[in-house]
1. Using only protein heavy atoms and a 1.4 Å probe, report how much of L158 is accessible, in Å² to the nearest 10.
2. Among L124, L85, V14, which residue has its Cα furthest toward the positive end of the charge dipole of the chain, with +1 on Lys/Arg Cβ and -1 on Asp/Glu Cβ?
3. I'd like the antiparallel share, as a percent to the nearest 5, of DSSP beta bridges with both residues in the chain.
4. I'd like the accessible area for D135: 1.4 Å probe, protein heavy atoms, all chains in place, Å² to the nearest 10.
5. Full-extension gain between L183 and L24, please, as 0.36 nm times their residue separation minus the C-alpha to C-alpha distance.
6. Cut-off under 19 Å on the C-alpha distance; same-chain residues fewer than 8 positions from K179 excluded. Which aspartates and glutamates are left, in chain and number order?
7. Compute the long axis of helix 80-91 from its Cα atoms, compare it with the longest principal axis of the Cα atoms of the chain, and write down the angle in degrees, 0 to 90, nearest 10.
8. Using a Gaussian network model of the chain with C-alpha springs under 10 Å, which one of V28, V77, V40 is most mobile by mean-square fluctuation?
Amino acid sequence: MAIKLVIGRSTLNVISAYASQVGLDDEVKRRFWEELDEVVRGTPPTEKLFIGGDFNGHIGSSASDYGEVHDGFGCGVRNGGGTSLLDFARAFELVIVNSIFPKKEEHLITFRSMVAKTQIDYLLLRRCDKGLCEDCKVIPSENLATQHRLLVMDISILIKRKKRFVRGQRRIRQGVLTKDTALELEGKLATMGA
């Protein structure tokens, strides 16, 4: 699912993805990555891109060979699904936001069942927009379903307001107004009023 939001002069593309489960056929997994690839390629580089999803993979706690996309704050041990996600992030110059901020385990675990507690849900954005992200964490008390936990990202986007200028309206240029020109202007105004 993809949503395009226009806020001020910024265009934000929010993509929600759900990867195939571990036990499914490799062809199904390949189609998922191809479709996500197509959606990301269709997003202009001038627009902001945020991807959130259940990728059913583990990126692990170590960045190792993926330092440009993984900042070393993950959970568990990397598996094949996690490697696919890291390769995808590298190919599109994305960063996995979950791995940027050091957190306690309870703020990293996105999936908890009776037998496992893992990190399989991730948020990604373009590496050049990494500075927009102020925080990313799991809210342990909020459950989306019985097993998944709410993963949130705090971002800050500065919206520049356009100054209004009405044609024909006189503007005062304060930088030009010196003490001498102010006295001269005061004199002219005094003679006009008299």
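1. Per-residue accessible area (L158): approximately 140 Å².
2. Selected residue: V14.
3. The antiparallel proportion sits near 75 percent.
4. 30 Å²
5. Between L183 and L24, full extension yields an extra 49.0 nm.
6. Leaving aside aspartates and glutamates fewer than 8 places away in the same chain, none come within reach of K179.
7. For 80-91 against the chain, the angle is about 30 degrees.
8. V28
The values are calculated or read from the model by the stated rules, or taken from the named source; none is laboratory data. Everything numeric here is computed off the predicted structure, so don't read it as measured data. Here the Cβ is made from the backbone with ideal geometry for all residues, glycine too, and neighbour counts use every protein chain on show. For the accessible areas, the whole protein counts, side chains as well, though only heavy atoms, and no ligand, DNA or RNA atoms are used. Shrake-Rupley method; radii C 1.70, N 1.55, O 1.52, S 1.80 Å.
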